[in-house]
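What follows is a short report on a single structure.
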Amino acid sequence: MLAAFLGLSGPALTDGERAFIRERDPAGFILFGRNVADKPQLRALTDSLRALSGRSDLPILIDQEGGRVARLKAPVWPVFPPPWRFCQLYDRAPISAIEAARVNGEALALTLAEMGINVDCHPVLDLRHDGAHDVIGDRAFGAEPMRVAALARATLDGLAAGGVCGVLKHIPGHGRARADSHHELPRVDATDEELADDIAPFRALREAPMAMTAHLLYAAWDAERPATLSPTIIADIIRTRIGFDGLLMSDDISMEALSGTLAERARGAIAAGCDVVLHGSGVLAESDEAASGVGEMKAAASERLARAMSRTGHASGQDYDALAAKRDALLSYA
């Protein structure tokens, strides 16, 4: 199995993509807006991926956070609030905010599971820092580690109740970035002591099944390499100090925070300690180049993936409308 989660070009598989999947057997796939038209089409796409791979638990990922990060959009799919709304409710009623985040996570999961999507790249555990780039902004659950951890844990629990695996992002923390890592490499000059707050939410949720790295350079930890490519940060900070032992995927290696060819970026991420490389462009030639840098999944990575996917597909049987109504009633007090 290829140690990569890859994007697709459009709303249905091409002949080239089918041949590539048969030959290389990627660990999973990530969907974007270009892959989504309507419910019958999307379900047909995810069904075709599972049939082709021969794996009923094939990871099919999407970024569905709510607010501005949502690949499934209205009017076909419901609108979900941005994470910051739960932070605002927390100011007035912390217990209500935690419950609202939980039922929102479960409602999110039900909409995804209906479409055959079993991994949501959410929740965001990054702290919202004054003066930082707005790439995080209202995607954050707050500025305080304890609050972020509580709301993110509730979201993760809600996703799991709906049969979907959540992904912590962006470990070890993207909140201090003063640039958008989609376009350039952000440098964080905070001290190790200051960064303790940023990693605290990840440490609180260290038993989560999956996490996604940040393409940020943390000068206090590794002055030369961003986290995704840093053996020091992955071993000493993510795996040891945070204590995360779930599946670790890179953020999208096509982002301009990283340099070198796609094969070099992919090879570097795996060498640094990522279990799986994420590449989402959907351009088949680029997927092939990224694939040339990763190789087969290692035994430990395969075990982590199996453990994560064993938690999917077991929904609680709750009703979406009831969950959404409860969330909206709670948020009305914010």
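Every number in this text was worked out from the coordinates using simple rules, so none of it is lab data. Note that the structure is predicted; figures quoted are calculated from it, not measured. Note that each Cβ is placed from the backbone with ideal geometry, even for glycine, and that neighbours are counted across all protein chains shown.
Working only within the range 57-79, note down all residues that are more than 22 Å from Asp252 (Cα to Cα) and free of Cβ contacts under 8 Å to residues at least 24 places away in the same chain.
Ala74, Pro75, Val79
For the range 253-282, enumerate the residues that are within 22 Å of Asp120 (Cβ to Cβ) and either crowded, with 22+ Cβ neighbours inside 10 Å or without any contact (Cβ under 8 Å) to a residue 24 or more places away in the chain (or both).
Matches in the range 253-282: Ile253, Ala269, Cys274, Asp275, Val276, Val277, Leu278, His279, Gly280.
Can you pull out the residues in the range 22-43 that are surrounded by 16 or more Cβ atoms within 10 Å (Cβ to Cβ), within 21 Å of Leu110 (Cα to Cα) and of a type in the set (A, V, I, L, M)?
Ile30, Leu31, Val36, Leu42
Against the definition (in contact (Cβ under 8 Å) with a residue 60 or more places away in the chain and either crowded, with 24+ Cβ neighbours inside 10 Å or of a type in the set (Gly, Ala, Ser) (or both)), how does Pro123 come out, yes or no?
Criteria not met by Pro123.
I'd like to know if the range 53-68 contains one or more residues that are farther than 27 Å from Asp157 by Cα and assigned to a helix (DSSP H, G or I).
The answer is yes; a qualifying residue exists.
If the Cβ limit is 9 Å and pairs must be 6+ apart or interchain, which residue in the range 316-334 that is without any contact (Cβ under 8 Å) to a residue 60 or more places away in the chain pairs with which residue that is assigned to a helix (DSSP H, G or I) and β-branched (Val, Ile, Thr)?
Here the result reads Ala322/Val103, each pair linking the range 316-334 to a residue that is assigned to a helix (DSSP H, G or I) and β-branched (Val, Ile, Thr).
Quickly run through the range 44-78 and pick out the residues that are among the β-branched types (Val, Ile, Thr) and surrounded by fewer than 15 Cβ atoms within 10 Å (Cβ to Cβ). Talk me through it step by step, then tell me what you get.
Step one: list which residues in the range 44-78 are among the β-branched types (Val, Ile, Thr), which gives 46, 60, 62, 69, 76.
Val76, the sole residue that qualifies.
Look at the range 5-28 and say how many of its residues are in a helix (DSSP H, G or I), in contact (Cβ under 8 Å) with a residue 12 or more places away in the chain and among the hydrophobic types (A, V, I, L, M, F, W, C).
Qualifying residue count for the region: 2.
Go through (1) in a helix (DSSP H, G or I); (2) more than 22 Å from Gly105 (Cβ to Cβ) one by one and return the number of the condition Arg225 breaks.
Unmet for Arg225, out of (1) in a helix (DSSP H, G or I); (2) more than 22 Å from Gly105 (Cβ to Cβ): (1).
Restricting the search to the range 283-305, which residues are within 25 Å of Arg102 (Cα to Cα) and without any contact (Cβ under 8 Å) to a residue 40 or more places away in the chain?
First, pick out the residues of the range 283-305 that are within 25 Å of Arg102 (Cα to Cα): 304-305.
Selection gives nothing.
Among the numbered conditions (1) touching an Asp or Glu at 6+ places or on another chain (Cβ under 8 Å); (2) small (Gly, Ala, Ser); (3) farther than 30 Å from Arg102 by Cβ, tell me where Gly280 comes up short.
It fails just one condition, (3).
Need the failing condition index for Arg176 against (1) touching an Asp or Glu at 6+ places or on another chain (Cβ under 7 Å); (2) in a loop (DSSP other than H, G, I, E, B); (3) farther than 30 Å from Ile95 by Cα, just the number.
(3)
Return the only residue of Leu108, Leu151 being hydrophobic (A, V, I, L, M, F, W, C) and touching a residue at least 60 places away in the same chain (Cβ under 8 Å).
Step by step, each of Leu108, Leu151 is checked, and only Leu151 is hydrophobic (A, V, I, L, M, F, W, C) and touching a residue at least 60 places away in the same chain (Cβ under 8 Å).
Output the residue which, of all residues in the range 233-252 that are in contact (Cβ under 8 Å) with a residue 24 or more places away in the chain and in a helix (DSSP H, G or I), is nearest to Ala179 (Cα to Cα).
Ile233
Do you know which of the residues in the range 29-48 that are farther than 12 Å from Pro11 by Cα and in contact (Cβ under 8 Å) with a residue 60 or more places away in the chain is farthest from the chain's Cα centre (by Cα)?
Pass one, the range 29-48, residues farther than 12 Å from Pro11 by Cα: 29-30, 47.
Of the ones still in play, those that are also in contact (Cβ under 8 Å) with a residue 60 or more places away in the chain are 30, 47.
Numbers: Ile30: 10, Asp47: 21 Å.
So the residue we want is Asp47.
Can you work out which of the residues in the range 82-117 that are within 22 Å of the chain's Cα centre (by Cα) and outside any helix (DSSP H, G or I) is surrounded by the most Cβ atoms within 10 Å (Cβ to Cβ)?
Among those that are within 22 Å of the chain's Cα centre (by Cα) and outside any helix (DSSP H, G or I), it is Pro83.
Name every residue in the range 312-334 that is crowded, with 16+ Cβ neighbours inside 10 Å and of a type outside the set (Val, Ile, Thr), in order of residue number.
Ala315, Gln318, Tyr320, Leu323, Ala324, Lys326, Arg327, Leu330, Leu331, Ala334
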